[in-house]
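Let me begin by presenting the structure, written as structure tokens, before commenting on it.
All of the numbers you see were taken from the coordinates with simple rules; none came from a lab. Worth saying up front: this structure is predicted, and the values here are computed from it rather than measured. Every residue, glycine as well, gets a Cβ built from its backbone with ideal geometry; the counts of neighbours run over all protein chains shown.
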């Protein structure tokens, strides 16, 4: 979920069913800002706050990913 004034480029933003702004995901569920060849964020300097708050691979990050995955699966 994107909050407040964000620097995320518009092409990476999606409005969810509830009217909230979230990072756009590809059909396979991956973040649209992720370069799949290098596995690096293409908008690192403008990444959303949630991506800044959680260290990649940390317990908190993994828990957040589980929760996000479940939310997307419920929409299917």
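Overall form of the range 14-57: oblate. Here a/c, set by the Cα gyration tensor axes a ≥ b ≥ c, is 1.5 or more, and a/b is not larger than b/c. Distance between the pseudo-spin-label points of residue 5 and residue 32 (7 Å out from Cα toward the beta carbon): 2.3 nm.
In terms of the Cα gyration tensor, with a ≥ b ≥ c the square roots of its eigenvalues, is the chain rounded because a/c is under 1.5, prolate because a/b exceeds b/c, or oblate? Cα axes put the chain in the rounded bin.
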